[in-house]
Structures are given as structure tokens and as C-alpha cells.
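A short write-up of the structure that comes next.
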2 protein chains.
Amino acid sequence: MKTLAIHGGAGALPKSEMTQERAQEFHEALRYVLHVGYSCLNQGKPSLDAVEASVVALEDNPLFNAGRGSSFNRDGKIEMEAALMDGITLKAGASSLLRNVRNPVKLARKVMEKTPHVLLSAYAAEVFAQSEGLVMEADDYFFTTYRYEAMLKIRGSNKTPLSEDVVVPASLHSFTMSTVGAVACDVNHNLAAASSSGGTTNKYAGRVGQSCIVGAGVYANNKTCAVSCTGLGEAFMRALTAYDLSAQMEYKGSSLVDAAREVIHKKLNANGGLVSIDSKGGIAIQYTTQGMYRGWVTQEGRIFTAIYDSCFEWDLSGKVKSKDIKDPFN
Amino acid sequence: MKTLAIHGGAGALPKSEMTQERAQEFHEALRYVLHVGYSCLNQGKPSLDAVEASVVALEDNPLFNAGRGSSFNRDGKIEMEAALMDGITLKAGASSLLRNVRNPVKLARKVMEKTPHVLLSAYAAEVFAQSEGLVMEADDYFFTTYRYEAMLKIRGSNKTPLSEDVVVPASLHSFTMSTVGAVACDVNHNLAAASSSGGTTNKYAGRVGQSCIVGAGVYANNKTCAVSCTGLGEAFMRALTAYDLSAQMEYKGSSLVDAAREVIHKKLNANGGLVSIDSKGGIAIQYTTQGMYRGWVTQEGRIFTAIYDSCFEWDLSGKVKSKDIKDPFN
């Protein structure tokens, strides 16, 4: 019953800017992340380990807006955040406003396991990370010219694509709505979810987004589902999108697929998406943007990655089996 | 249809430590806060103004753990947080890890109205507060010997009453679970909610609690209810208690009273409480602790304050009409 789903952010590059080489690079990166996470599940490790390992792999890849390669705020600084949640115990850990922690999701797990708290933030959280032996990196490590120029471009044009009040052109989606995340179901039918993000390009210094808020950007409960969201964070924070999906399953008896559609396409007044699974092997992936970097491994062990509306299928050895499979979720 | 409900924290002083004089002081403080908030409603102001004004009055009173009189973390520092939400627009604002902002709830409103964000935190939030002309105070302003000694007592005894894993003796409830908040329904049937807190005594530096998390410690939606919570914040953050009350009304068709009972007495695995109202004039107040500082004004204009299981009723001029009315909610 092992399943895994990951995302590298709604708001993929617009099709017009996506070359075949670049798309291939993203597909391969997503496949590698699935390999990392699914290996955990195959070794019998809990879903919490699988989502953490998947998100670490996403954070370490500068293609995605989390960890290395994070977005810049309007002061030209990186402030990262992450959270994870365990569907068995409903325990959760999160951290925000991080500048030099290599893997924010590892800090989120330390907060969950080593403190009585859920959310630890800013300078004191970095001190705690160091005391727990987490790897710290200098500012340079996180820097990417691509993300820095994206910030300058938006700041320079005085656009603030930070709220659903502002119409964000599709060409800017990839700057504004990227986040990474993973959800997993392990061999014992236990669920877990994790999210991590550099946040919105050109955000205010001190802005905290959905990716570290339990119930907004991440939620897991064995009774219902595990969810990781991506998109204009403020809308998810006000709609409690991740928990709302669970609540619709628990209180209305909705299926995972119906609830995922409802929260993304009807209740969320903004662009974004999510990956979600249930403990019966079900997977639901929904988004409103032109594309979303994503991947999943079904309960039959089939491995898929996707950016727009068609998917790559991969074999276990990491070779492409097909490049033109219809997205089964949309 | 104007209604208002406020709280000054679950985990009131244990009855054994509460003198008649001290109880009178709390009742009068709560009555004054109701007067402030209800005056806004009587002047035809929106519920958002009423909850903000009520919480400002609670923050300014050192009897309560928010603003002046906030709890100390284990480093001997104060780090405050607040949030508010508008039930018409579902817009929300919040701020956390504040050291010198006199009224955190005012900053929360500025975040809501002047930025595209929901949550702004730590040093950058204080800079923003100053740029918006909010009153800043030196550390001394917030200091109370009572709260400082409470921290030393808990730190010294190596107790960390910060998680539901640790059994917190009732005598420590007043140190660990105080928060303030208000919910209101205005003449136009619009709802709003606000919360503010100094957080848990002896918390880690950098800990962010429920009072600044939309859906955990505060939520408002004209379709359902307005809620402000108090208690062991981490449990509320994992249970999304404020939003859960709304979700049970929306998806299960529960009444306000039933949903409030369910989320506090059945779904929350920790001590705490909440005040909540709906747009039909209904009020529900629930708590699991021995006492909760609280007050409310009914749609008929009757004014009540309470600490334990009996209530004071007040007339409009601020005189006590009765000191022995049975709590109508429990």
C-alpha cells in the first residue's frame, strides 16, 4: 500500500518559456526525489522519514524554491520555512524565517521531536538548529542568479504579486508560487506530510507563509489524508486549505479526490495546487495554474512525473518508459 | 443583534489562591473591557473595531497575559503575538515574536490592511510597526514581577508545562495557559475575532503559539462563527480548533453550542477554552480548566463576567446587579 506524491511548486514556467532540455531536467529531478522517498518506504521506514527525505532532496536542488535556490525577499534576503506532520500521532513541527539552515525540513522535525512546541522561528530557531547539530550554510550557498534576478525584476517593475487582490500574469507564476512538498503512506498505512519553501519572491522581510503553518500548507491524519499545498500562501492560510481537505472527508464523507477538487477549485480564491493521499492508496493532485512540478508512485509501484497536462512514466532503474501519458487526476 | 464575548485566558488562578478582592479586580477589569468593546458596537462601528478595541484594553491591563503583563520565555524575554480576522472578507492579519510593540493586535490589523500578507514576524515586524506609527514601549513597560517570578519558579523547578505530554498541575494553569481574545457580531450581522498573547511561561525563545495562527487560535467567517481560543497552544495548532468549530458548523450542520463543546471537550487533547458567537446572536463559551476569565454581552444587552462557575451581572452604568448567576454555557 506504499504511495508517495511530491511537488516542486504550482506555477511552473509558462510553456512558452520551457525548452525540451529544461523540461527534461525538471522531470529527472522529480524522478530522483521520488527515488529517494520511495526507497525509504521500500526499506520499511515510516512515512515521516520518506517525506522528510523527499523534501531534503527538493531543498538541496536549486531548481526548486526551498533550501538552496530559495526566493529572495524585497530586502534581497532569503527567509525559509518548513513543516511536517505525522498522521499517527498528529504531532507536528515547523520553523520559519530561517536564513542559514541547510535543510529547514530537518529543523521542523527536530522541533517536533526535541521540543514541546510546534513552531520555532527566526534567530532563536537557528540557534536551536545549531545546538541540534544541523548543517548550517553561508548565504552564498542558497544564492541563485535566477531567483535574485526574479526578485529584482518584480521589485523593479513595482509589481507585488503577493496577494490575490493583484492579478499575477502567468509569466510570473513561477516566481511567486513555488514551494516543495511530499506526502507518503507507508507499509503500515501511516500517513505523513511535509512542505518547505523560500516563500514568495519580493515578499516583505519577516513574512511567514503557509509552508510552516499546520492546517494551511501541510496536514496529515491517518483517519483522513496527508496534504502538501503550494500557491499564493496567504490565501491558503485564510482558507486553511490542508486541514479543510481533511475536514471535508471527516465531516462530509467526501472522497479524497472530491475534497481535493473542492478545496482547490471552489474554496480557494487564488492560484495554487496540492498533492494528497489517503491510507487506502488513493492519490489526488490538483492545481489551477498552467503547470505544477509533481510526481507520484502509485500503490502498484508505477512512477510518474509531470509539469503540465501529460506525464512521464519511469521504470525502477530510472529510465523513461513513456513521455506522453495523460494526467490521471485532471 | 449586537453581541460580544471576551476572555482573559483559561487557567484562571486556582480557587484556593483567589481572594474575594482579587476576584473583584478581575471582574471589574473584564467589565471594563466589555464596556470598551460594546461601546464600539453601540456606535455602529464594525465588529472588527470592537474586537480590536476589546483586545487593546486587555493588552493594556497587566492582569492579563498579553501586551503589558506578558509572560516571560526561558531566556527572561517577552515575545508577544496577536491576530485578527474579518468574517465578511475572510481577511486576516497577524504578528508574532514582538518585543516592544505596545499593542500587538493593532499591528495585526496593520498587517491585514497595509500589506499583502497574513503573518509578519520578529524584528522586521517591529520595524513595520514603527513605520506605521504604532506606539512602541521599552522592555520595562511590559514587565510584571508576578509573571517574571512565575517563569523563574517553573524554570527553577525544571518543569516545562508546555506540552500535553506533561501533566500540568492546576496550580500552574494560570502561568501556562493565559491568552486574551474577543469575538463580536455587529449591527450588520458581521462577525470578527481577535486574540493576543504573551505566550506560554518558560517557552523556548522563538516559540510561536496559537494566538497568531489563523484557524488555530482565531477564526471568523460570517457563514458560520467567530472564535477566539486559549489554552495549551500547541494542541490548538495541531487540532486547528478555531477553524474546526467553523468546519463542523459548515459541513456537519452542527449548532454553535454543539460544535464548541465537541472541539473543546472531545477533539482537543489538552486543557483550554474558547469564546465563540454566530451571526444570529448565539454565544458559546467552553473550557476544561477550573476557571476561565470571561465576559459577554447578550443580544438583549445583558452584561456578564465570570471566572469560575458563577457569573456577575452588571448594569449599563457599571454597577453589579447580581453576583451569583449560574453559568448559562456549562
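The values are calculated or read from the model by the stated rules, or taken from the named source; none is laboratory data. Predicted model, so just to flag it, every value in this text is computed and none were measured. Using ideal geometry, Cβ is built from the backbone for each residue, glycine included, and neighbour counts are taken over all protein chains shown. Note: accessible area is taken over every heavy atom of the protein model, side chains too, but ligands, DNA and RNA are not part of it. Shrake-Rupley method; radii C 1.70, N 1.55, O 1.52, S 1.80 Å.
Which value results for Rg/Rh of the protein assembly as shown when Rg is the Cα radius of gyration and Rh the Kirkwood radius based on the inverse mean 1/r?
0.98
Using the 7 Å Cα-to-Cβ label point, sort the distances from B:Val127 to its equivalents in the other copies shortest first and give them in nm to one decimal.
Shortest to longest, the spacings are 2.0 nm.
Could you give the length gained by full extension between B:Glu17 and B:Thr288, i.e. 0.36 nm per residue of separation minus their alpha carbon distance, to one decimal place?
Using 0.36 nm per residue and subtracting the Cα-Cα distance, I get 95.7 nm.
Would you kindly work out, in nm and rounded to one decimal, the distances from the label point of B:Lys319 to those of the same position in each other copy, ordered shortest first, with label points 7 Å along Cα-to-Cβ?
Its label point is 9.4 nm from the equivalent points in the other copies.
How big is the A/B interface in buried accessible area, both sides summed, 1.4 Å probe, to the nearest 100 Å²?
Protein heavy atoms only, the A-B interface buries about 3500 Å².
What 222 nm value per residue comes from the helices of chain B, counting each DSSP H run with n ≥ 4 as -39,500 (n - 2.57) and dividing by all residues, nearest 500 deg cm²/dmol?
-9500 deg cm²/dmol
Roughly how many nanometres apart are two label points built 7 Å out from the Cα toward the Cβ at A:Asp60 and B:Leu152?
Result for the modelled spin labels: 4.9 nm.
Ignoring ligands, DNA and RNA, what percent of the 1.4 Å accessible area of the stretch A:3-326 is carbon and sulfur?
Carbon and sulfur: 48 percent of the exposed surface of the stretch A:3-326.
Using Cα centres only, tell me the gap between the stretch B:274-330 and the stretch A:32-47 in whole Å.
54 Å
Show me the trypsin sites (Lys or Arg not before Pro) within the stretch A:216-313 that DSSP assigns to loop and that have at most 10 other Cβ atoms within 10 Å of their Cβ.
none
What gaps in nm, shortest first, separate B:His265 from its twins in the other copies when you place the label 7 Å past Cα toward the beta carbon?
Once sorted, the set of distances for B:His265 reads 4.1 nm.
What does the charge count around A:Gln290 come to, taking other residues whose C-beta lies under 14 Å from its C-beta (Lys +1, Arg +1, Asp -1, Glu -1)?
Combined, the nearby Lys, Arg, Asp and Glu give -1.
Pulled fully out, how much extra length does the chain show between B:Ser255 and B:Thr145, if you take 0.36 nm times their separation in residues and subtract their Cα-Cα distance?
Roughly 35.3 nm would be gained on extension.
What translational diffusion coefficient, in µm²/s and rounded to a whole number, does the Stokes-Einstein relation yield for the stretch B:3-326 at 25 °C and a viscosity of 0.890 mPa s, taking the hydrodynamic radius as the Kirkwood radius over Cα pairs?
130 µm²/s
Describe numerically, in nm with one decimal, the distance between label points set 7 Å from Cα along Cα→Cβ at B:Asp309 and at B:Gln24.
2.5 nm
Residue by residue, what Karplus-based ³J(HN,Hα) values in Hz, rounded to whole numbers, does the stretch A:85-99 have, using 6.51, -1.76 and 1.60 with θ = phi - 60° and x for Gly and Pro?
9, 9, x, 6, 9, 6, 7, 8, x, 7, 8, 9, 6, 9, 10
Using the Karplus equation 6.51 cos²θ - 1.76 cosθ + 1.60 (θ = phi - 60°), what ³J(HN,Hα) coupling, rounded to whole Hz, does each residue of the stretch B:128-134 give in order, writing x for Gly and Pro?
4, 4, 5, 5, 8, x, 6
Using the Cβ atoms and a cut-off under 10 Å, what net charge is assigned to the surroundings of A:Ala226, where Lys and Arg are +1 and Asp and Glu are -1?
Summing Lys and Arg as +1 and Asp and Glu as -1 gives -2.
Can you give the Rg to Rh ratio of the stretch B:1-97, both from alpha-carbon atoms, with Rh computed by the Kirkwood formula?
Ratio of gyration radius to Kirkwood radius: 1.01.
Roughly how crowded by other chains is peptide B:108-116, in terms of the mean Cβ count from those chains within 10 Å of each of its Cβ atoms?
So the per-residue partner count for this stretch is 3.
Roughly how much of B:Val257 is accessible, in Å² to the nearest 10, using a 1.4 Å probe?
60 Å²
Enter the accessible area per residue of the stretch A:3-326 (Å², integer; probe 1.4 Å; all protein chains in place).
Here the residues of the stretch A:3-326 average 33 Å² of exposed surface.
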